[in-house]
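Following: one structure in structure tokens, then a few remarks.
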Amino acid sequence: MLHSIRLVSPRATALLITLFVLGLGSFATGSKVKSAVYEWNDLEVQRNGSNEIRRVLSGSTDGFKSLEIYTNSLSVDERAGDVQIDEGIEQLIIIKRGSLDLKVNGDNRKLGPGSIAIILPGDEYQIGNVGPISATYFVLQWRIKNSNAPLDSNASAEMVNWTDVAFEASEKGGRRNIIRQPTAMLAEFEMHTTTLDEGMKSHDPHVHVEEEIILVRYGQVEEMIDGSPHSAGPGSVIFLGSNVPHGIRNIGDGPCEYYAFKWKLR
């Protein structure tokens, strides 16, 4: 079972059962995730009352037995029920729109757009919309291939508010260093945002052993993947496999900004 769920209301029941079914199917053995752009505007929208769920990608990778990315929305004043993470799963939550009240293992934070949370195996959390508009957030969750690898008992859940992350300007735009540390299942998880001024590129196409995910916050970018250009707009996800040549540049009017994150296995 993906989640152990305690349901708190009929509305929350419908929402969480939908998420449960989505997750349960995706964590079965699936095909390998392709290095590609998963464009926001092309994602199928599944509606559950006033809520919208978008499945971004699901499958295995070189490093993960299973990787799933989806989005969920919460209406104004809506709260989801309690969710307990399975011992074999970690999650990353990224707030795309609106403000959320997130309580993880009793630690309660109000997080705005751009904020993130890393939730570890066995953690319990509750999430609710506390803003004046509907809220949308990404959920990324994974299983590592070595299910027998010991967990890091010193690791703990982390919540990072966007407004607490310093912006470091550069000649190309700038950068925000969000997090770089071990998790219970990963030797290192590193996540930052890059801002590129109009017409700028981050770097020439290159390769690295680590897999990488990019999530566009705003603007229009072009990602070169193995020699082919692919455009991506706000909300789009780019998955880059191990040793796949890639490079990114701003092709829109004005600046762009995107998350980039990589990980190292134990």
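The values are calculated or read from the model by the stated rules, or taken from the named source; none is laboratory data. Just so it is clear, the structure is predicted and the values come from calculations on it, not from any experiment. Please note: Cβ atoms are built from the backbone with ideal geometry, for glycine as well, and neighbour counts cover all protein chains shown. Each accessible area value is taken on the protein alone, full model and side chains, heavy atoms only, with ligands, DNA and RNA left out. Shrake-Rupley method; radii C 1.70, N 1.55, O 1.52, S 1.80 Å.
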Farthest towards the positive end of the dipole of the chain, among 187, 114, 69 and with Cβ unit charges of +1 on Lys and Arg and -1 on Asp and Glu, lies the Cα of 69
Give me the percent relative contact order of the chain, please, defined on Cα pairs under 8 angstrom at least 6 residues apart.
18 percent
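With charges only on Cβ, +1 for K and R and -1 for D and E, what is the dipole size of the chain about its Cα centre, in debye, rounded to 20?
Dipole about the Cα centre, nearest 20: 440 debye.
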Just from its helices, what would the mean residue ellipticity at 222 nm be for the chain, if runs of 4 or more DSSP H residues each count -39500 (n - 2.57) and the sum is divided by every residue, rounded to the nearest 500 deg cm²/dmol?
-2000 deg cm²/dmol
Taking the Cβ of residue 149 as the centre, find all other residues whose Cβ is under 13 Å away and add up their charges (Lys, Arg: +1; Asp, Glu: -1).
+2
Quantify, in whole percent, the carbon and sulfur part of the accessible surface of the chain (1.4 Å probe; protein heavy atoms only).
48 percent
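Taking the Cα centre of region 112-246 as origin and charging only Cβ (+1 Lys, Arg; -1 Asp, Glu), how large is the dipole, in debye to the nearest 20? Write down the numbers at each step before the final one.
Numbers: 8 positive and 18 negative charges, 45 e Å.
In total the dipole reaches around 220 debye.
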Accessible area per residue, 1.4 Å probe, Å², for region 64-190: what's the number?
41 Å²
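What order do you get for 173-182, 77-86 when each peptide is scored by the mean count of other beta carbon atoms within 10 Å, highest first? Numbers along the way, then the final one.
Working: 173-182: 16.3, 77-86: 18.1.
Those peptides, ordered most packed to least, come out 77-86, 173-182.
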Can I get the semi-axes of region 182-255's equivalent ellipsoid? Compute them from the C-alpha gyration tensor as square roots of 5 times the eigenvalues, in angstrom, largest first.
22, 15, 10
Any idea what Rg and Dmax come out to for region 107-185 if you just take the C-alpha atoms, in Å?
15.5, 45
Angstrom value of the Kirkwood radius, inverse mean 1/r, which spans all Cα pairs in region 30-85:
13.3 Å
The size of the Cβ-based charge dipole (Lys, Arg +1; Asp, Glu -1) of region 92-175 about the Cα centre, to the nearest 20 debye, is 320 debye
Towards the positive end of the charge dipole of the chain, with charges on Cβ (+1 Lys, Arg; -1 Asp, Glu), say which of 80, 237, 224 has the farthest Cα.
80
Against the longest alpha carbon principal axis of the chain, how many degrees, from 0 to 90 and to the nearest 10, is the axis of helix 10-26 turned?
50 degrees
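Would you tally the net charge around residue 108, using a Cβ to Cβ cut-off of less than 13 Å, leaving residue 108 out, and scoring K and R as +1, D and E as -1? Provide the component values of the computation, followed by the final result.
Details: positive: 79, 103, 109, 110; negative: 101, 107, 124.
Once all neighbours under 13 Å are counted, the net charge is +1.
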Given a 1.4 Å probe and the protein chains all in place, what does the accessible area of residue 210 round to, in Å² to the nearest 10?
50 Å²
Can you give the Rg to Rh ratio of the chain, both from alpha-carbon atoms, with Rh computed by the Kirkwood formula?
0.94
